[in-house]
Structure formats: C-alpha cells, structure tokens
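The values are calculated or read from the model by the stated rules, or taken from the named source; none is laboratory data. Please read these numbers as outputs of a predicted model, since none were measured by experiment. Heads up, the Cβs are rebuilt from the backbone with ideal geometry, glycines too, and the neighbour counts pull from every protein chain shown.
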Amino acid sequence: MINTAVELAGIKLKNPVLTASGTFGYGYEYARFFDLSRLGALVVKTLTLEPRKGNPPPRITETPCGMLNAVGLENPGAERFIREILPGLKQYPVPLIVSIAGCSVEEYATMARLMTSAGSIDALEVNISCPNVKAGGIAFGTVPEMAAEVIRVVRLNTDLPIIAKLTPNVTDIAGIAVVVVEAGADAVSLINTVTGMVIDIERRRPVLANQVGGLSGPAIRPIAIRAVWQVYRAVKVPIIGMGGIMEARDAIEFMLAGARAVAVGTANLVNPLAADNVVRGIEEYLASHGISDVNELVGAAHGKED
Amino acid sequence: MSFIVEAEIIHNHKVAEGCYSLAFRAPEIAESAQPGQFVHLRCSRTFDPLLRRPLGIQGIDRRDGLVKVLYQVVGKGTGLLSGFEPGSRVNVLGPLGCGFTLPAGARRVALIAGGLGIAPLCFLYETLAEQRIEAVVFHGVRSAGQALAPDLLPPVADRVLMAADDGSLGYHGSVVKLFETYAGQEPFDFFFAAGPSPMLRALSIVAKEYHLPGEVSLEERMGCGIGACLCCNCRTRGEDGWRYSRVCADGPVFPVEEVVWP
Ligand SMILES: Cc1cc2nc3c(=O)[nH]c(=O)nc-3n(C[C@H](O)[C@H](O)[C@H](O)COP(=O)(O)OP(=O)(O)OC[C@H]3O[C@@H](n4cnc5c(N)ncnc54)[C@H](O)[C@@H]3O)c2cc1C
Ligand SMILES: Cc1cc2nc3c(=O)[nH]c(=O)nc-3n(C[C@H](O)[C@H](O)[C@H](O)COP(=O)(O)O)c2cc1C
Ligand code: FES
C-alpha cells in the first residue's frame, strides 16, 4: 500500500494536490471535467468583505512560458459567497480552503470571523498580497511587520487553521515566513505571482489596462522552487508549494524542495484536467520509484545535514 | 457539456490572404455545438505559447463528427496552428460559451460580419435556414484578397453582400455603412453580428437608430475559457450602471443593448 495522504495544519488530505486560488474559480466550473473529490483540497478564489469589480480589460497577456494577469481580486464579496456559493461547495466531499484578503487589518479580522462562523470551511488561506490602503497601497505581504500584524488579528478571530500566502516580491521571503509563523500561521503557501509588465511596441503602451500584472506559469517555477527551499530551512510548519506546476514531475520537484503539499494554478487554465493529472502522476512516480509514503519526498533534496 | 478532445485534423489550408480553414474530428463537440459557441485550441505541445486560442465554430458535420473553424494568422499561436498537418492531432476544448438565441417570431434577419466574424455566422445561417428564417448576410473585409471563395461558405454564398474598406470588392467602405444603406429600406426583425469591437460598437449605434434588436459576439483575451479565471471581462449593464461579465461563459454572444462599449 502506498500512502499519498499528508497532514496540513491539522487537516488530513488524501493527497498533497490543491488548487491555487484564483485559477480554479469556485470549483464547480471544473466539476464537469473531473471528480473534485480526487483533489487533496479545494482552494477557492480570494474573497473580500465587499464585492469587487476588479480591473478593466485587458486583464491578461502572454509571455514566453508564462502569463501576466491583473484580475484585481474580482469577487462577489463575503456575504454573497456565503449565501450563494458556499452551500454548493459543501456538496463536494473535499476539504475546502477559503482565501481571504482585505485592504485594512480590520477587514482581514472581519473576514476571518465571517468565514469561521459560516461553517464547513476547513482552513483559511490569508492572501497578504493585497495593498494596504492606509499604508499608501503597499502590499501587506512585503513588509514583515504588516504581514505579521495581519496574521495576528486573523489568529485572534478564528480557530480554523491559518495558511499565510506569501508573495515572492520581497528580498527575503524566508524572513517573512518566520514572522508570520510566529504570529500564528499554521502553514505557509508560496509563491503568489511575480510582478511584471509587458509593453506593446506598436501602441507604445502597456498591454494590461492595469499596466503591471502578476507573472505565473512555468516561467516562474525556478523562483518558486528556490523560495520553497529557503522557507523550508527557516520554518517548521508545512509548506504548500506552487508556481508553474504543469505536471506531476513539477509537483515532485516542489516536494523535494520542502513542500508538504502543492497547488496547481495556471495549468488549470491550459488544461482543465491538470490537477487530476498531477494526482495520478504522483501516484505513478511513487509506485515506479518504490516509495511507500509521499511524505518521504518532503524536503528530500536537502539531504541529511548536521 | 464541454469536452477535451485530441482531435484528428482533416484539413488545414489557406483559403485567402492570411486566412486558413481547419477541420477536425471531434464527434462529442460536433454533437452538441450551437451557433455562436467557440472552441479553445492548444497551438503547441510545449508551453510557449502557454494559453489556448479561442476560435468561433464555423460549421459542423454531425454525421462525420467534424468541426470546422476559420482563422486569421495574426501572431504566434495562429502562426503555429497554420503548420499543423492533416492526420496530426490538435487538443481542443469545447464547445464553450453561450451562442446566439433565435428570437421568437423573427422572419427576416440580418447577419453582419467583420473579417472572420463570418465564421460563427455561417453556422448560424444554416440553423436559420433549417427554421426557414430568411437571412441576409453583410460581410466586410479590408481588401478583396481577404474575401473567401463562395464555395467556402456554402450556406451563405447566395445571400452575401460584400464590403471592402479599400473599395476592391463590393461596397466601398465599412460593412456597417453598407448595412445602414439597407436598414433604412428593408425591414429586418433582428440582427446578429460578429467582428472587431469598433465595428460592433458602430453597428450598435446604427441598430439603435433603427430600433433593431440584435445580438453581438464579443472578443477578449482568454485564459481558461470556462468561466473560472475572470481574465476575459467585458462591461455589461448591471446594478449600479454596469458590471463585468465573462466573455467566455456569459458570452461570447450578448444582446446588443446589454453591452457597455469601451
Ligand atoms: C470567442 C472568440 C471567437 C473568436 N473567433 C475567431 C475566429 O473564428 N477566427 C479568427 O481568426 N479569430 C477568432 N478570434 C480571435 C482569435 O482568438 C485571435 O486572433 C487569436 O487568439 C490570436 O492568437 P495569436 O497567438 O495568433 O496572436 P497573438 O497576438 O500573438 O496573441 C497573444 C494573446 O492575445 C490573445 N488575442 C490576440 N488577439 C485576440 C482577439 N482578437 N481576441 C481574443 N484574444 C486575442 C491570444 O489568444 C493570446 O493569448 C476569436 C476570439 C474570441 C474571443
Ligand atoms: C488568473 C489568476 C488569478 C489569480 N488570483 C489569485 C487570487 O485571487 N488569490 C491568490 O492568492 N492568488 C491568485 N493567483 C495566484 C495563484 O494562486 C498562484 O499563486 C500563482 O499563479 C503561481 O502559481 P502558478 O504558476 O501555478 O499559476 C492568481 C493567478 C492567476 C493566474
Ligand atoms: S477565460 Fe477564464 S473566465 Fe473567461
């Protein structure tokens, strides 16, 4: 018997494969392509307290082996999510992780309370890439004190496991990981998109209406692998690794770097079956390499030290 | 219902300046496709380009399980696609989106196409013909070289009025202007249009003037094509004036009065 189950912040997952927030909608868009209970857990699009319209079009453009997006956290808001979407999500027998964001520390606190009392949510992923309106629009996740403050108030407002989602757009991601864990995060997920830009040389203007966007896809994988590697050495909590996972081999690379679980993101846009294929591919890898427990992969590339 | 099919290519050849006709075997898609829906194609086996490309369905052959599209080579993805050989396979996701809705009681409709906007309207024309709804087709191209040979558009061929921006074929000027010269004289109950956004916008103004209801098929850059990533937004009428809709899942076809033009 091969074990594919992993434990993440107290939740037991049947396998280490999650969906990356924002790339899998609210799940039902993909339920017509495969059985969502095949997944380790479902992570839905980031929610904010009030509905958000998001950015004007165009919101995406392609780059070699990657894409830039500037969706701008379009979402129906907490209330409509709880009333209209959450009841449908409950029908899938798969752990549910809800991603929350806010433009102020208070908004994160309110979101944590609302989602906790909504019930049937297994964990909160705290997206700290959102700009802090009070601090002049600097993303919470880029300043250690601000990142820690958000996690601290979320901790005070929920008894659900907290996953802090980290941005790679910092000089020292391991340093941020350390402070959010001290502040109460039970796990960390990384990386969010890498900020970038494309200019149309005919129009001589940025392609995206928002000018800058977040780069995702295979192009960012080495950055993400490096980030997971560094964070693994800095904190003891489980890591959810993501960034350009297109197939099982990529997921395994993340696990070897130190990820306990992985999330499939942009690949879902290219192939709706991508996440399911990664689940199957990991099983095949374990079988063909005579590995009896997927947990043996976690951090294995670090070798034996001390 | 949508499907992911490794479809065998039946043909893929040039039919006009920079324009290709592609047919592939995908019985599941052919079985359920409706006019106005699109397919989302991978143009490479590698991750460069990474995303799929949306193309409107030009026609289907249910008996042989074939799906046809018409595409213009404009960049990397369509450029690579034009090199796919018959007998090889293309990865297709579809049919996707909400297609055209036939208005109850319509007897005579106008189909207005800019460039390869003609593709989804060919499919629609066939359906209208089956329902004995009379359709007049207005097709605008930049120049005669982009016009398609009549045998490529079998169902449309006998009812098509051409316009070329450079005057090299048919009416000299935009297809919207051509349509306007008819709209005043001939009674249409409804119109359907597909093409570049500026053309559709101009058409919406003309249609409003003549109190002509209709539907337009919009284009926007797409990620998933299935409504999940929110990358393909367009403005439509909503609660506080306007809201964003998803071209891939709420459209690509929208009632003209619902679109808030950029
Ligand atoms: C619903 C729908 C139906 C379409 N039907 C047809 C059709 O029947 N025939 C046809 O020739 N073209 C059609 N298009 C446009 C077609 O998708 C683009 O021309 C094509 O994606 C260009 O890809 P590229 O790599 O060659 O160009 P590039 O310019 O290199 O593409 C770069 C990126 O921009 C996107 N993009 C570029 N132009 C468009 C566009 N006009 N609309 C949406 N995305 C775009 C591409 O998908 C890609 O992600 C349709 C678009 C939509 C949204
Ligand atoms: C279209 C799109 C939308 C995204 N939306 C969110 C979001 O709402 N919240 C979030 O935390 N991350 C969001 N992300 C980031 C992904 O969850 C993921 O961290 C990142 O894309 C890297 O993984 P990938 O390369 O596999 O896509 C989004 C990414 C994409 C491509
Ligand atoms: S392309 Fe993803 S929502 Fe339309």
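So in the range B:243-262, with the set limited to residues that are part of a loop (DSSP other than H, G, I, E, B) and under 19 Å from the mean Cα position of the chain (by Cα), which one is surrounded by the fewest Cβ atoms within 10 Å (Cβ to Cβ)?
So in the range B:243-262, the residues part of a loop (DSSP other than H, G, I, E, B) come out as B:247-251, B:260-262.
With under 19 Å from the mean Cα position of the chain (by Cα) added as a condition, the list becomes B:247-251, B:261.
Details: B:V247: 27, B:C248: 26, B:A249: 19, B:D250: 19, B:G251: 25, B:W261: 13.
Per the criteria, the residue is B:W261.
Surrounded by 24 or more Cβ atoms within 10 Å (Cβ to Cβ), within 16 Å of ligand 3 (Cβ to nearest atom) and in a strand (DSSP E or B): is that true of B:V216 in this structure?
Details: surrounded by 24 or more Cβ atoms within 10 Å (Cβ to Cβ): yes; within 16 Å of ligand 3 (Cβ to nearest atom): no; in a strand (DSSP E or B): yes.
So B:V216 does not fit the description; no.
So, in the range B:204-223, of the ones that are over 18 Å from A:T61 (Cα atoms) and either touching a Gly at 6+ places or on another chain (Cβ under 7 Å) or aromatic (F, W, Y) (or both), which residue ends up nearest to the other protein chains (Cβ to nearest Cβ)? Give the steps one after another, and end with the answer.
Taking the range B:204-223 as the starting set, the residues that turn out to be over 18 Å from A:T61 (Cα atoms) are B:204-217.
In the following step, the residues that additionally are either touching a Gly at 6+ places or on another chain (Cβ under 7 Å) or aromatic (F, W, Y) (or both) were identified as B:207, B:210, B:217.
Details: B:A207: 23, B:Y210: 29, B:S217: 16 Å.
Checked the range B:204-223; the qualifying residue nearest to the other protein chains (Cβ to nearest Cβ) is B:S217.
For residues in the range B:7-40 being part of a loop (DSSP other than H, G, I, E, B) and buried (at least 20 other Cβ atoms within 10 Å of the Cβ), which is farthest from the other protein chains (Cβ to nearest Cβ)? Let's see the steps before the verdict.
Going through the range B:7-40, the residues part of a loop (DSSP other than H, G, I, E, B) turn out to be B:17-18, B:26, B:33-37.
Then keep just the ones that are buried (at least 20 other Cβ atoms within 10 Å of the Cβ); that gives B:26, B:33, B:35-37.
Numbers: B:A26: 16, B:A33: 16, B:P35: 22, B:G36: 20, B:Q37: 15 Å.
The extreme case among them is B:P35.
Restricting to the range A:1-40, and then to whatever is more than 16 Å from ligand 3 (Cβ to nearest atom), assigned to a loop (DSSP other than H, G, I, E, B) and polar (S, T, N, Q), can you tell me which residue is nearest to the chain's Cα centre (by Cα)? I'd like the intermediate steps shown before the answer.
If we filter the range A:1-40 for residues that are more than 16 Å from ligand 3 (Cβ to nearest atom), which is where we start, we get A:1-18, A:34-40.
Add one more test, that the residue is assigned to a loop (DSSP other than H, G, I, E, B), and what stays is A:1-2, A:4-5, A:9-10, A:14-16, A:34-35, A:39-40.
So of that shortlist, the ones also polar (S, T, N, Q) come out as A:4, A:15.
Values: A:T4: 20, A:N15: 16 Å.
Here the answer is A:N15.
So if I check each of A:C103, A:C65, which one is away from ligand 3 (no atom under 16 Å from the Cβ), modelled with pLDDT under 95 and either more than 28 Å from A:D293 (Cα to Cα) or of a type in the set (K, R) (or both)?
On the way: A:C65 fails: modelled with pLDDT under 95.
From the options A:C103, A:C65, the qualifying one is A:C103.
Yes or no: the range B:41-55 includes at least one residue that is more than 17 Å from A:E62 (Cα to Cα), surrounded by fewer than 16 Cβ atoms within 10 Å (Cβ to Cβ) and more than 16 Å from ligand 2 (Cβ to nearest atom). Quick ask: steps written out before the conclusion?
To start, the set of residues in the range B:41-55 that are more than 17 Å from A:E62 (Cα to Cα) comprises B:55.
Subset that is surrounded by fewer than 16 Cβ atoms within 10 Å (Cβ to Cβ): none.
Checked the range B:41-55: no residue is more than 17 Å from A:E62 (Cα to Cα), surrounded by fewer than 16 Cβ atoms within 10 Å (Cβ to Cβ) and more than 16 Å from ligand 2 (Cβ to nearest atom).
Just to be sure I understand, how many residues within the range B:99-145 are in contact (Cβ under 8 Å) with a residue 60 or more places away in the chain and over 16 Å from the mean Cα position of the chain (by Cα)?
Of the residues in the range B:99-145, 8 are in contact (Cβ under 8 Å) with a residue 60 or more places away in the chain and over 16 Å from the mean Cα position of the chain (by Cα).
Give me the helices (runs of 4 or more DSSP H) completely within the range A:208-306, filtered to those with at least 2 residues that are within 16 Å of ligand 3 (Cβ to nearest atom) and either within 17 Å of the chain's Cα centre (by Cα) or within 26 Å of B:T46 (Cβ to Cβ) (or both), ordered by residue number. Reasoning before the result, please.
Numbers: elements: A:221-234, A:248-257, A:267-270, A:274-288.
In the range A:208-306, A:267-270, A:274-288 are the helices (runs of 4 or more DSSP H) which contain 2 or more residues that are within 16 Å of ligand 3 (Cβ to nearest atom) and either within 17 Å of the chain's Cα centre (by Cα) or within 26 Å of B:T46 (Cβ to Cβ) (or both).
State which residue is nearest to the other protein chains (Cβ to nearest Cβ) when the search covers only the range B:231-242 and only residues that are within 21 Å of the chain's Cα centre (by Cα) and part of a loop (DSSP other than H, G, I, E, B). Step through it out loud before you land on a result.
Step one: of the range B:231-242, the residues within 21 Å of the chain's Cα centre (by Cα) are B:231-236.
In the following step, the residues that additionally are part of a loop (DSSP other than H, G, I, E, B) were identified as B:231-232.
On the way: B:C231: 4, B:C232: 8 Å.
Among those that are within 21 Å of the chain's Cα centre (by Cα) and part of a loop (DSSP other than H, G, I, E, B), it is B:C231.
Please state which of the following conditions A:R203 fails to meet, knowing it meets all the rest: (1) over 17 Å from the mean Cα position of the chain (by Cα); (2) under 27 Å from B:T46 (Cα atoms).
(2)
Need the failing condition index for B:R243 against (1) in contact (Cβ under 8 Å) with a residue 12 or more places away in the chain; (2) out of contact with any Phe, Trp or Tyr (no Cβ under 8 Å at 6 or more places or on another chain); (3) more than 11 Å from ligand 1 (Cβ to nearest atom), just the number.
Looking at each condition in turn, B:R243 falls short on (1).
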